[in-house]
Amino acid sequence: MRVSYRWIATFALAVAGLVACSSAPLREANPPDTFSAQRPIPDAWTFEGRLALSNGKDGGSGRIRWTQEGEFFTISLRAPISGQSWQLSGDHSHARLEGVRPQPVLGTSARELLRRELGWELPVGDMKSWLFGRGFRAQARIQRDVAAQPSIVDDSGWNIAYRDWQQVDAIAVPRRIIAKKAPYQVRLAIQRWTFSAEGATGADH
């Protein structure tokens, strides 16, 4: 009985292909489009949640509400026990801190103002990138999860870990962020996002 070597070779290739397919990890044919490096950060939004800060020696936590309208931001913080509250507002070149002294304190950098008046390290300018997982510096090292969302980012000495992404108004946002830059630590748990200038839509979690 004669056997065609061409048929044997074809059969062997087919078997090899089936083995390769069965050993390869299964992937969705059309994975959800939850991340795009070109997608801009929204101009107007608000989030509410809890913020915890530590400088390696002292720490504190409280409620946070952050409203962004273009370049202008307003961040309100309230301590849970004392009920003391602070409000930080400004843009990329002006900052105003209320609630620390009898009169508002002014500065050119929100980050420097918080560091000087409260001893906190909160990189307000960089946090817009943290909050949406995009817009990092070119040299940042980014690890992504299976949905292509950032899971760990190293940027300018900060190690930023993301927990539990969600979709709000078709925008991917995280529920939890933990950022560390020795000796500082920032922990953020976000409970509500709102997108739109009028604040008409949002999601509670």
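Per-residue 3J(HN,Hα) values for the stretch 139-149, derived from phi via the Karplus relation 6.51 cos²θ - 1.76 cosθ + 1.60 with θ = phi - 60°, read 8, 5, 9, 10, 9, 10, 8, 5, 9, 6, 7 Hz in sequence order (x marks Gly and Pro).
Normalised per residue, the accessible area of the stretch 49-205 is 53 Å², obtained with a 1.4 Å probe and no contribution from ligands, DNA or RNA. A simple charge model with +1 on the Cβ of Lys and Arg, -1 on the Cβ of Asp and Glu and nothing else charged puts the dipole of the stretch 119-158 at about 180 debye relative to its Cα centre.
Peptides 49-61, 181-193 ranked from most to least packed, by the mean per-residue count of other Cβ atoms within 10 Å: 181-193, 49-61. Its relative contact order, with pairs defined as Cα atoms under 8 Å and 6+ residues apart, puts the stretch 85-135 at 23 percent. Here the relative contact order of the stretch 70-205, from alpha carbon pairs under 8 Å that lie six or more residues apart, stands at 10 percent.
A straight Cα-to-Cα reach below 16 Å connects Lys57 with the lysines Lys180, Lys181, residues fewer than 8 places away in its own chain not being considered. Carbon-plus-sulfur accessible fraction, the stretch 65-197 (probe radius 1.4 Å, protein heavy atoms only): 49%.
The values are calculated or read from the model by the stated rules, or taken from the named source; none is laboratory data. This is a predicted model, so every value here is computed, not measured. Note that we place each Cβ from the backbone using ideal geometry, even for glycine, and neighbour counts take in every protein chain shown. Heads up: the accessible areas ignore ligands, DNA and RNA and are worked out on the full protein's heavy atoms, side chains in. Shrake-Rupley method; radii C 1.70, N 1.55, O 1.52, S 1.80 Å.
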